[in-house]
1. Would you calculate a helix-derived [θ] at 222 nm for the chain, using -39,500 (n - 2.57) for each DSSP H run of n ≥ 4 and dividing by the full residue count, to the nearest 500?
2. When a/c is below 1.5 the answer is rounded, else prolate if a/b is larger than b/c, else oblate, so apply that to the stretch 69-221 with a ≥ b ≥ c taken from the square roots of the Cα gyration tensor eigenvalues.
3. How high is the relative contact order of the stretch 277-394, in percent, counting Cα pairs under 8 Å that sit 6 or more residues apart?
4. Roughly how many whole Å is it from the C-alpha centroid of the stretch 494-569 to that of the stretch 401-468?
5. Cα centroids of the stretch 276-335 and the stretch 602-638: how far apart, whole angstrom?
6. Let a ≥ b ≥ c be the square roots of the eigenvalues of the Cα gyration tensor of the stretch 643-732; is it rounded (a/c under 1.5), or, if not, prolate (a/b larger than b/c) or oblate?
7. Hey, what angle do you get for helix 561-575 against the long axis of the chain, alpha-carbon based, 0 to 90 degrees rounded to 10?
8. If I fit a long axis through the Cα atoms of helix 633-653 and take the longest principal axis of the Cα atoms of the chain, what angle between them do I get, 0 to 90°, rounded to 10?
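Each value in this text was obtained by applying a stated rule to the coordinates, not by laboratory testing. In this text the structure is predicted, and so the values were computed from the model without any measurement.
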Ligand code: NAD
């Protein structure tokens, strides 16, 4: 058994339990870790010489959370009764934390306990913070990098080791809401004002301050309010008039934010509400029951898999070609200082990379550089960075019109106009300045990489690196291999994406690659429905209630109608007879009216003079009268979700996508595909292939061939298979 916790008692009788997991930079709770912590807590409580305890970490942070294998193992070990396995396992964790909290006190008199302080040198998330909440006083070093919080909700679960129940009982449901429902990781000072911790202290005094508190704590200091007689929940429990208001508001707010599709938020609210009506020990049993139900919910399992496990795996290089040495970028050239180029310059400079930003004119590069400094100034204003740091980052960006400045760049990313001729010209100009081995990347959103690579003298070092807008906010980067792209270029692109801390997916070259291939049909389906006379608000709400951040009409306003027209024309030209033009009427009409979307302050929506979105444009109903009989709401949802999901399946079937994990993670990060589902492939697995095929058959009959189930899906339905089931089998 590897030792993860360490125990020491000093001459003053203060026991220190130090977490220091070997061979990792961050402590992550494992089953063994729990056992060792439990054992040392027992030792400290049993030893009469020990006056009090400090729980701390020898690393720069306290903990990153729980190893998900702990929960998986509880489930596996329980065989055909996984609910019992998880519930019993979680109750065992509760017992350890409750032991820390009660610290040997007499149940009736609350006498005889030992003070336990928590002292964190830095960040603490998940179970780390839940351990903290069970202690009697919480100290955090004033480390500028430290973040404290309970982020479980962000991956589809909720704090289930007492974090939910304790936070609510400490500060009341109202004040606990942002910590629990938004899963915010907070700097120490904020965590203190949120009531999560007690003291922020100078880093070099952390243990001394904790020790001082332990040695001076009074009997009363260590009894939790809910273990005292007459405890009242701050802000009022559900049947208190004030508490009643909070709960009514919270339920509405959570439903408004989640559209009811995230089971974890609902389960957490239930745990809070029901827990508030009973004593603490019953409340944590209730929390454990709701937690168990969430762990067994297919949506939560899919969210954890995509948003946590697979996202991390991709970031760590799961699809990076093996045996290619480190390709980290030192100096990047960026061609085109427009919206995308300037954004790419910003994220590169932030990552410490030297940047040469090139455009045609002095005005254009100056504007591009100003975009970089504007984003940095915003960061200074929001206290994300200091003025000195911002200056240092901006100084890494050399803005110039001179291609010779590209000498020494080991990567060039081209983001000039979306025109094959212009791109070919800049490719040649740039390559003439580059040394052997430098990689040339294009940020094109629509042009085939293999075609663009023809302008290159080294097509094996030519690749697509497709960013999403706005670059500094969007997490996904799509890497596209042309027919001749070599492994080193793929590794280079992946290492670059890792440097700039984004999540990569690697796909093969085909029309619209992966993300746009799925997004465009989603928008088009919305346009078709408008033409059919479906109430536009119904379309938008169906999308929202599926969990999409933007309905298809709003999304079209954001991406702009003229871009849609451009893409439609180019696609028609490329596809000829097979092109389906049923969405074009609506798109072209808005274009001809000059309603180009948000940028022209008019599109599917109206906008006020400040650019704030108002209601849907009334002209929609005048041009395409709303039909008397409206379709079934579920059918509208199925159309919107299925039309893009089927594109994802086709992309996989055709080998554009090589890995369903990339398809799922890419969809959630790239365009906000129903995160609760875990992505398109996870959604199909939740539905079951046979049910998915039945939906496709019904939609095909009503709306046409674009809904016909791909062979791959039909075969799965016949054989009773699933995407992830097959992937696991293949991996085994
Ligand atoms: P943009 O019009 O804002 O910027 C293009 C810039 O390229 C302009 O500043 C222009 O002066 C410059 N340029 C044109 N010809 C040049 C040349 N010969 N040498 C140097 N600079 C030249 O466009 P954008 O939105 O930043 O898009 C750039 C590329 O990124 C396009 O290929 C586009 O398809 C792609 N892209 C755009 C988005 C998006 O949402 N806007 C998303 C992903 C990819």
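1. -15000 deg cm²/dmol
2. The shape class here is oblate.
3. Worked out over the stretch 277-394, it gives 17 percent.
4. 26 Å
5. With the stretch 276-335 and the stretch 602-638 each reduced to a Cα centre, they are spaced 36 Å.
6. Oblate.
7. Tilt relative to the chain: about 60 degrees.
8. That works out to roughly 80 degrees.
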